[in-house]
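The values are calculated or read from the model by the stated rules, or taken from the named source; none is laboratory data. This structure is a prediction, so every number in the text was calculated from the model and none was measured. Note that each Cβ is placed from the backbone with ideal geometry, even for glycine, and that neighbours are counted across all protein chains shown. With ligands, DNA and RNA removed, areas are computed over all heavy atoms of the protein, side chains included. Shrake-Rupley method; radii C 1.70, N 1.55, O 1.52, S 1.80 Å.
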Amino acid sequence: EAAVTQSPRSKVAVTGGKVTLSCHQTNNHDYMYWYRQDTGHGLRLIHYSYVADSTEKGDIPDGYKASRPSQENFSLILELASLSQTAVYFCASSDRDNSAETLYFGSGTRLTVL
Amino acid sequence: QQQVRQSPQSLTVWEGETAILNCSYEDSTFDYFPWYWQFPRESPALLIAIRPVSNKKEDGRFTIFFNKREKKLSLHITDSQPGDSATYFCAARGTGGYKVVFGSGTRLLVSP
């Protein structure tokens with residue numbers, strides 16, 4: 001079964017601080033994604049990647065950077081965390097062979113910015 | 001702006017009734033429409049999906065109806081059960097075949 005592991009599970013950060021959310025997948029999938037979930041907004045795509053060392057901007061990339069140093073790892077970086085970035089963040093992976101027809105999600109990271 | 005729109009935001013039905021969840025989209029290049037469900041304190045998971053070459057996809061009590069001309073689709077859940085209570089997300093695959101965007105979700109509550 002697909003395995004996507006996110007760390008940390010939860011984090012409290014201070015406004016203006018740097019936050020790094022990590023994601024590791026053992027599925028040998030090419031595609032990886034970062035979404036944020038807020039009540040009323042559903043899942044919004046922040047960044048995604050189809051291959052190591054390359055990332056694409058999603059629909060809400062402002063305030064976020066992404067890094068894909070290897071096929072297995074995909075990080076989301078908040079250089080200057082803000083109150084508005086309080087949310088649950090989900091990482092997902094998908095297989096190129098089935099053209100991203102199924103996304104496998106991690107357990108999520110609950111980020112609170114104070 | 002949300003490329004995929006869902007309505008209603010929340011829906012309550014009685015056990016045994018049919019729940020109808022609606023979805024619409026703007027981008028005519030979307031070529032695959034999955035629905036995901038998410039139970040409280042869990043991650044989203046794929047429920048059912050449809051390609052635009054079809055206008056209907058059925059899987060047990062779950063059926064997607066698709067209207068390509070109007071860019072609308074709906075998820076029908078027949079004989080709704082309390083265990084179906086979850087948030088349902090309509091999604092769409094677009095650009096390059098791997099960008100997947102989601103709607104804002106419909107929270108379904110099935111009352112016994």
Mind giving me the FRET efficiency for A:Ser82 and A:Ser54? R0 is 22 Å, r the Cβ-Cβ distance, nearest 0.05 is fine. 0.25
Report the relative contact order of chain A, percent, no decimals, based on alpha-carbon pairs under 8 angstrom and at least 6 residues apart. 36 percent
Euclidean distance between Cα centres, segment A:77-106 to segment A:1-21, Å: 11 Å
Do any residues of segment B:64-101 show a loss of at least 40 square angstrom of accessible area between the isolated chain and the full protein assembly, using a 1.4 Å probe, and if so which? B:Arg93, B:Tyr98, B:Lys99, B:Val100
FRET efficiency (B:Gln9, A:Arg96; Cβ distance; R0 30 Å; to 0.05) is 0.30
Top mean-square fluctuation among B:Ala45, B:Ala91, B:Ala19, Gaussian network model of chain B, C-alpha springs under 10 Å? B:Ala45
Any idea what the relative contact order of chain B is, in percent, if you count C-alpha pairs under 8 Å spaced at least 6 apart? 37 percent
For segment A:39-98, averaging the sequence separation of alpha carbon pairs under 8 Å that lie six or more residues apart and dividing by its residue count, the contact order in percent is 22 percent
Could you work out how far apart the two model spin labels at A:Lys18 and A:Asp62 are, taking each label as a point 7 Å from the Cα in the direction of the beta carbon, and quote it in nm? 2.3 nm
Is the shape of the protein assembly as shown rounded, prolate or oblate, going by the alpha carbon gyration tensor and its root eigenvalues a ≥ b ≥ c, with a/c under 1.5 for rounded and a/b larger than b/c for prolate? prolate
Unit charges at the beta carbon, dipole of segment A:1-90: most positive-side option, A:Pro69, A:Ser7, A:Val51: A:Ser7
Heavy-atom accessible area, 1.4 Å probe, ligands and nucleic acids excluded: residues of segment B:37-59 down by at least 50 Å² from chain alone: B:Ser43, B:Pro44
Could you report segment B:67-112's accessible area per residue, 1.4 Å probe, as an integer in Å²? 39 Å²
Which of A:Thr86, A:Thr26, A:Thr55 moves most in a GNM of chain A, Cα contacts under 10 Å? A:Thr26
Kindly compute the accessible surface that chains B and A hide from a 1.4 Å probe when together, both sides summed, and give it to the nearest 100 Å². 1900 Å²
Place a point 7 Å from the Cα of B:Ser24 in the direction of its beta carbon; the residues of segment B:57-98 whose amide N falls under 12 Å from it are B:70-73
